[in-house]
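Shown next, in structure tokens, is the structure this report addresses.
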Amino acid sequence: MFLANRENFKSFILRYKIFRDVAWRFVAGETLEEAIRAVREANSHGLRGTLDLLGENSGSREDARNASREVFQMLDTIRQDGVDCNVSVKLTQLGLDLDNEFCYQNLREIVHHARSLGNFIRVDMEGSAYTQRTLDIVLRLRGEFENVGAVIQAYLYRSEKDLRDLLAARVRIRLCKGAYLEPESVAFKMKTDTDANFVKLMKLLLDSGIYHGIGTHDPKMIAATKRCATERSIPPSGFEFQMLYGVRRDLQIRLAREGYNMRVYIPYGRAWFPYFMRRLAERPANLFFILRNLFRD
Ligand SMILES: Cc1cc2nc3c(=O)[nH]c(=O)nc-3n(C[C@H](O)[C@H](O)[C@H](O)COP(=O)(O)OP(=O)(O)OC[C@H]3O[C@@H](n4cnc5c(N)ncnc54)[C@H](O)[C@@H]3O)c2cc1C
């Protein structure tokens, strides 16, 4: 995403406290301890968690190994603390830019360790340059492990085929709209087209009989999912809604109270900048809020 990659822009905004304050609405903190606190808080409202160590595009094997080590620690801490939480990872953080096989082995070790602890690893989906390699790695691992899942982005034209391939291998899927700036050659530009595809893909997921995640804050997508589940007599226990930490918390709690499974994606870590920029880009109102307060800082 344009803003997320601009180093100058980053150093400019980090000078202003208001940016950091708003970032902490979407990011649970910089340490695992803070993140676990956020998970515990979510659990106390009947919400499950998925923890994400922020960071993308590791530039060296050492960085990728360090990220893997932290994910191991995350899994151990989740187990020790008895919180209801799984883990989401990004393959570029685990070395996808460096070497496919190296990245695969890193992820394999994580999934293997998660299985020994009864936990689940969700592989986030990044920009379209990584889609095929990410799916290949997940499908390869799925041959060996059940506790690994993928993400499908409704804005990509290719997603229906990818989703069908994943379903054929009985992979658990998180459906989302997609958060990266993609060219018209690969992704729908109109929100209405992405939304229509989201509904179509959501129906395929619910019809599959596999436990999937519907990742959206959009009331229209949520209503369509509820309607579809009711029409097909799929109980609320047959799938879960997922939302981002700090976004529509009211709706998260309401859905949990209505009896739906609700999981909150809880990111933490020092590399929060690109994630934060994607959240701002999705919702210009957040940016306007910051700009309004900038000069009071
Ligand atoms: C659990 C989870 C995991 C995700 N994983 C991935 C992934 O692996 N790869 C990927 O590309 N994308 C991922 N995303 C992001 C997703 O693709 C969308 O960019 C994001 O969820 C916004 O889309 P939406 O469905 O909420 O609908 P939108 O149409 O964008 O928004 C609907 C409503 O939600 C609220 N809202 C949405 N975003 C914000 C925000 N930033 N701040 C405040 N309010 C907001 C607003 O009320 C808005 O009107 C994930 C999203 C979720 C919920």
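Annotations
- Filtered residue count, region 175-187, keeping only those that are touching a Phe, Trp or Tyr at 6+ places or on another chain (Cβ under 9 Å) and either among the charged types (D, E, K, R) or more than 18 Å from Gln132 (Cα to Cα) (or both): 2
- Some residue of region 273-282 being under 18 Å from Lys220 (Cβ atoms), in contact (Cβ under 8 Å) with a residue 60 or more places away in the chain and near the ligand (Cβ under 9 Å from one of its atoms): yes
- Of all residue pairs spaced 6 or more apart or on separate chains, those with beta-carbon atoms under 7 Å, a first member in region 124-150 that is in a strand (DSSP E or B) and a second member that is open to solvent by 40 Å² or more (accessible area, probe 1.4 Å) are Val148/Arg142; Gly149/Arg172.
- Members of region 229-255 that are under 28 Å from Ala281 (Cβ atoms) and assigned to a helix (DSSP H, G or I): Arg249, Asp250, Leu251, Gln252, Ile253, Arg254, Leu255
- Checking Lys226 against (1) touching a strand residue (DSSP E or B) at 6+ places or on another chain (Cβ under 8 Å); (2) more than 8 Å from the ligand (Cβ to nearest atom), the condition it does not meet: (1)
- Residue in region 225-235 that is surrounded by 22 or more Cβ atoms within 10 Å (Cβ to Cβ) and either touching a His at 6+ places or on another chain (Cβ under 6 Å) or within 22 Å of Ile36 (Cα to Cα) (or both) present: no
- Qualifying positions in region 204-220 - surrounded by 14 or more Cβ atoms within 10 Å (Cβ to Cβ) and closer than 13 Å to Gly238 by Cα: Leu205, Leu206, Ser208, Ile210, Tyr211, His212, Gly213, Ile214
- Between Ala38, Ala23, Ala64, the distinction of being of a type outside the set (D, E, K, R) and closer than 20 Å to Arg263 by Cα belongs to Ala38 only.
- Selection over region 38-62 of residues that are free of Cβ contacts under 8 Å to residues at least 24 places away in the same chain, over 16 Å from Tyr265 (Cβ atoms) and not small (Gly, Ala, Ser) gives a count of 1.
- The listed residue being open to solvent by 70 Å² or more (accessible area, probe 1.4 Å), within 14 Å of the ligand (Cβ to nearest atom) and at pLDDT 95 or above, out of Arg170, Arg158: Arg158
- For region 103-123, filtered to residues that are within 15 Å of the ligand (Cβ to nearest atom) and not in a helix (DSSP H, G or I), the residue that is surrounded by the fewest Cβ atoms within 10 Å (Cβ to Cβ) is Phe120.
- When Thr77, Thr92, Thr50 are checked against the criterion of being of a type in the set (Val, Ile, Thr) and over 17 Å from the mean Cα position of the chain (by Cα), Thr77 stands alone in meeting it.
- Filter result (in a helix (DSSP H, G or I) and open to solvent by less than 70 Å² (accessible area, probe 1.4 Å)) within region 45-65: Ala64
- Only residues that are at pLDDT 95 or above and open to solvent by 40 Å² or more (accessible area, probe 1.4 Å) were counted across region 181-203, and they come to 13.
- Restricting Lys189, Lys203 to residues that are within 15 Å of the ligand (Cβ to nearest atom) and of a type in the set (Lys, Arg) narrows the list to Lys189.
- Check on Leu291, within 14 Å of the ligand (Cβ to nearest atom) and in a helix (DSSP H, G or I): no
The values are calculated or read from the model by the stated rules, or taken from the named source; none is laboratory data. Note that the structure is predicted; figures quoted are calculated from it, not measured. For neighbour counting, all protein chains shown are included, and Cβ atoms are generated from backbone atoms with ideal geometry for every residue, glycine included. Please note that ligands, DNA and RNA were not included when accessible areas were found on the heavy atoms of the full protein model with its side chains. Shrake-Rupley method; radii C 1.70, N 1.55, O 1.52, S 1.80 Å.
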